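Worksheet: one structure, shown below.
The values are calculated or read from the model by the stated rules, or taken from the named source; none is laboratory data. Just so you know, these numbers come straight off a predicted model, no measurement behind them. Note: ideal-geometry Cβ built from the backbone for every residue, glycine included; neighbour counts use all protein chains shown. Protein only, heavy atoms only, side chains kept; ligands, DNA and RNA dropped before computing areas. Shrake-Rupley method; radii C 1.70, N 1.55, O 1.52, S 1.80 Å.
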Amino acid sequence: MKRRKLRPDEEELWRKVVSGADRLHPEKPLDPQDLVATSPSLQAPRKKATFHTLPKSVSQPASRPSATADMLPAIADQIRGQALKMDSKAFGQMTRGKLRPEGKIDLHGMTLDRAHPALTRFVLGAQAQGKRLILVVTGKGKQRDDGGPIPVRFGVLRHQVPQWLSLPPLSSAVLQVTQAHLRHGGGGAYYVYLRRTR
């Protein structure tokens, strides 16, 4: 894109804008060359042309991140990165959906304050009964935006359950957690392999 000088009407508009603003660097004199505009390409229609008339020294504010932006790695990647604590042959069978869960809890649709105690009771009860592999269904979560100032994580239960399982009292009962095979719920469920009771 070629730079061009501002038209008189653009320069007048710019002067109105800067008259009510404080300069970032008042010690530097304003150079008229700092007032630049990008010219549209010759083929582009005139009405679609956009002009940027900020001084070179002033950077534009960063765009606001969308409410759905999530800076953490995907939950599947986080779980995949965990160390293998169980027998590798049994783990391979489990991840391919060859092992049948001995118990199942469906947390789908529950609030966090209802889901946490329900999960705790279920996991500790399953371990006390001598079960080794259980299935925890969280659902994949719904894309929603309640319009509030704080972004809402997509699939809150899906992200929260692995954290609960890694903290006491459940961490003493859980040996391995991994995403379920498609036949058992895929990304909306977890296999939880329990330790043997002593």
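Count of region 84-110 residues, restricted to those that are over 22 Å from GLY130 (Cβ atoms), open to solvent by less than 70 Å² (accessible area, probe 1.4 Å) and part of a loop (DSSP other than H, G, I, E, B), is 3. Within region 80-138, the set of residues being among the β-branched types (Val, Ile, Thr) and farther than 12 Å from TYR191 by Cα comprises THR111, THR120. Among the residues of region 174-193, just one is open to solvent by less than 20 Å² (accessible area, probe 1.4 Å) and on the phi > 0 side of the Ramachandran plot, namely GLY186.
Screening ASP9 with (1) within 37 Å of the chain's Cα centre (by Cα); (2) modelled with pLDDT of 80 or more; (3) not aliphatic (A, V, I, L, M) gives one miss only, at (1). Note on region 154-173: residues that are over 11 Å from VAL136 (Cα atoms), open to solvent by 10 Å² or more (accessible area, probe 1.4 Å) and of a type outside the set (S, T, N, Q) amount to 7.
In region 111-143, what residues are in a loop (DSSP other than H, G, I, E, B) and under 21 Å from the mean Cα position of the chain (by Cα)? Scanning region 111-143 gives THR111, THR138, GLY139, LYS140, GLY141, LYS142, GLN143.
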